[in-house]
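The values are calculated or read from the model by the stated rules, or taken from the named source; none is laboratory data. The structure presented is a predicted model; accordingly, all values stated were derived computationally and were not measured. Every residue, glycine among them, receives a Cβ derived from its backbone with ideal geometry; neighbour counts consider all protein chains shown. We work out accessible area using only protein heavy atoms, side chains counted, and drop any ligands, DNA or RNA first. Shrake-Rupley method; radii C 1.70, N 1.55, O 1.52, S 1.80 Å.
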Amino acid sequence: MLVLALPALAITLFLVSGSVAQAAFTPSLGTASTFGVLAHTYSNNGTTRPTMIAVDLGYSTFSGAPASVSGLTYIVDATYNQAGADQHQALVTLNAQACTFTFAGVVDLATDISHGPIGIYTPGVYCSSGAMTVGSGGTITLSGAGTFIFRPTGGLTTSDNSRVYLADNASACDVFWTPQTPPPFANTIIGANTTFTGTVIEPIGATNNDITVGADADWTGRALAFDNSVTTNPIIG
């Protein structure tokens with residue numbers, strides 16, 4: 001019998017540290033901080049290898065194969081609803097922080113040179129007037145202690161085999177991805193075999209602003225889409 005020990009999706013919680021004196025600061029996530037996945041609809045595709053969620057899971061509607069959840073599962077109860085409210089408040093706080101750098105139009109974070117050294121990002125608020133990608137299997141490194149906020153207008157996509165790494169005391173609990181609408185949706189798509197870091201928070205009260213995670217992705221952070229959907233895709237064999 002073949003036993004596949006490696007998870008297709010590992011969502012790992014880190015406690016949020018105190019804010020560092022930078023242009024950006026890390027908000028409290030309140031009760032949402034204990035969730036790896038928080039969604040209105042959670043779908044888990046595939047059965048050969050499990051999706052592993054190292055902390056809590058919350059949803060209103062579920063479909064697909066059961067995930068392996070190390071924490072607790074909340075289904076439309078008081079904890080779930082409070083986590084949604086806390087997600088909303090954290091997003092308001094994140095969105096109120098001024099941009100420290102703005103990209104013109106759609107930007108590939110792995111190849112852009114307008115912000116500084118290619119593929120290297122220091123703490124700050126990075127905004128764009130179009131979608132953000134980590135394209136072509138590229139790599140970006142978030143370097144330094146402090147808060148990182150990436151705020152695309154439109155969706156967030158990481159290509160298959162792409163990497164988001166931390167260096168020089170950067171912490172996963174201080175990294176936030178906050179896609180904005182319009183146009184026309186702010187979906188997040190994490191590619192297959194991607195190493196991804198940080199908390200993704202989808203827009204408040206919007207529709208069709210969902211998070212989809214590809215097969216064999218390794219995600220250290222949180223997928224927070226209380227008003228929308230989260231779909232995970234373990235490898236299908």
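Some points to look at:
- Candidates in the range 76-98 are the residues that are of a type in the set (A, V, I, L, M, F, W, C) and touching a Ser or Thr at 6+ places or on another chain (Cβ under 9 Å); of these, the one that is most open to solvent (accessible area, probe 1.4 Å) is VAL76.
- Cβ-Cβ under 6 Å pairs, at least 6 apart or on other chains, the range 134-150 side at pLDDT 95 or above, far side of a type in the set (Phe, Trp, Tyr): THR141/TYR165; LEU142/TYR121; LEU142/PHE148; THR147/PHE25; ILE149/PHE176; PHE150/TYR126; PHE150/TRP177
- Residue count for the range 198-221 satisfying the condition of being open to solvent by 10 Å² or more (accessible area, probe 1.4 Å) and closer than 20 Å to VAL69 by Cα: 6.
- Looking only at the range 128-146, and only at residues there that are of a type in the set (A, V, I, L, M, F, W, C) and open to solvent by less than 10 Å² (accessible area, probe 1.4 Å), the one that is nearest to ASN169 (Cα to Cα): LEU142
- Matching option when the condition is farther than 17 Å from ASP174 by Cβ and β-branched (Val, Ile, Thr), among THR100, THR111, THR93, THR122: THR111
- Residue match in the range 158-178 (condition: touching a strand residue (DSSP E or B) at 6+ places or on another chain (Cβ under 7 Å) and at pLDDT below 95): no
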